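Structure first, commentary second.
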Amino acid sequence: MCKRKDLGLLPTLPKIPKSYKKTLTTTISNFISKETTETQKYKITGKMKEVETVWNEFIDLLFKNQIAMPKFPIWSDWWDNEYEESDPFYIKYTSWIDKNREFYNENKAILQPWLTKNRVEKTEWKGAVRKFEWQAGDLKENDSLNTMLWTARGSGIRVKQCDYIPTLVAMAMIPVYGPESRKLTPRELLRLQSFPDIFKYEEKHIGKQVGNAVNVKMIERCARFLILDQPLF
């Protein structure tokens, strides 16, 4: 942050206390609209529904067989493919690929039927969605994508608890609210950036708008900190 010299000296930027996160009480539920005809428009279908089904099977498989969910990104295409150790991609990501193959080989009897079946039956389960990153802690009974907040990203499927508020990016990567199996609505996305419900928008460009925006309340806090010497946190 900075300000014009004639507005006074730049205050020292405070450090965010490590305990600060524990004091936060706002979760994604504070921004979710009641289920209506409007929210029904954003129910996931097609490829996204396949993704939900496939990875829910995987989560259930791990829990029932008491297999710990890997803390590293899962790259299912690298579990059993043939490759040369001179492969540039392998050289770049040796650690992750080796961990993936070790995980698969240790649990092959359980994972192979799931992998083979879904590669054949789920024709839209291809590309980046075959990658999976669980960032929701240890598996618990009834955990699934339908209890989480998840996003189909260029780097794969990323899963978070619903107490998490996602970072929005200016691409077609709208988070899915698992409990209702739908993408967040434009209004909900705007709320995440602190825009009031009276704010007008074009739905066609909403992803780019909210991804390029900066949280309104945070900008206000920064301005008050710089100009009025009010606390930032």
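No lab work stands behind these numbers, since they all come straight from the coordinates. Nothing here was measured: the structure is a model prediction, and the numbers come from that model. Quick reminder, even Gly has a Cβ in these numbers, built from the backbone with ideal geometry, and neighbours come from all protein chains shown.
Once the piece of chain linking Gln66 and Met1 is laid out straight, how much longer is it, given 0.36 nm per residue of separation minus the C-alpha distance between them?
Numbers: separation 65, 0.36 × 65 = 23.40 nm, distance 4.84 nm.
Net length gain for the segment: 18.6 nm.
By per-residue mean of other Cβ atoms within 10 Å, what is the highest-first order of 198-209, 67-78?
Details: 198-209: 12.4, 67-78: 16.7.
Listed from highest to lowest mean packing, they are 67-78, 198-209.
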Query raised in the report: Expressed in nm to one decimal, what extension gain is obtained for the pair Lys217 and Gln40 from 0.36 nm per residue of sequence separation less their Cα-Cα distance?
Result: 60.8 nm
Query raised in the report: Going by alpha carbons, how many degrees (0 to 90, nearest 10) lie between the helix axis of 94-106 and the longest principal axis of the chain?
Result: 50 degrees
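Within 10 Å of each residue's Cβ, count the other Cβ atoms and sort Asp6, Asp197 from fewest upward. Spell out each step's value before the answer.
Numbers: Asp6 5, Asp197 8.
Ordered from fewest to most neighbouring Cβ atoms within 10 Å, Asp6, Asp197 come out as Asp6, Asp197.
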Requested in this report: Would you compute, from DSSP H runs of 4+ residues alone, the mean residue ellipticity of the chain at 222 nm, taking -39500 (n - 2.57) per run and dividing by the full residue count, rounded to the nearest 500?
Outcome: -10500 deg cm²/dmol
Query raised in the report: To the nearest 10 degrees, how steep is helix 46-64 against the longest Cα principal axis of the chain, on a 0 to 90 scale?
Result: 70 degrees
Query raised in the report: Nearest 10 degrees, 0 to 90: what angle lies between the long axis of helix 216-228 and the longest principal axis of the chain (Cα atoms)?
Result: 40 degrees
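Set the Förster distance to 22 Å, then compute FRET efficiency between Asn56 and Ser29 from the Cβ-Cβ distance, nearest 0.05. Write down the numbers at each step before the final one.
Details: r = 21 Å, r/R0 = 0.97.
E(calc), rounded to 0.05, equals 0.55.
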Query raised in the report: In nm, to one decimal, how far is the Leu232 label point from the Leu13 one, both placed 7 Å along Cα→Cβ?
Result: 0.6 nm
Report task. Calculate how many DSSP beta bridges within the chain are antiparallel, expressed in % of all such bridges and rounded to the nearest 5. Result -> 75 percent
Query - Residue order, fewest to most beta carbons within 10 Å, for Leu232, Leu9, Leu145 - result: Leu9, Leu232, Leu145
Report summary line: Residues of region 114-153 with backbone N under 18 Å of the label point set 7 Å from the Cα of Ala172 along Cα→Cβ are 124-130, 151-153
Report summary line: The pairs in Lys5/Lys217; Lys18/Lys47; Lys41/Lys208; Lys3/Lys183 lying past 30 Å Cα-Cα in this model are Lys18/Lys47; Lys3/Lys183
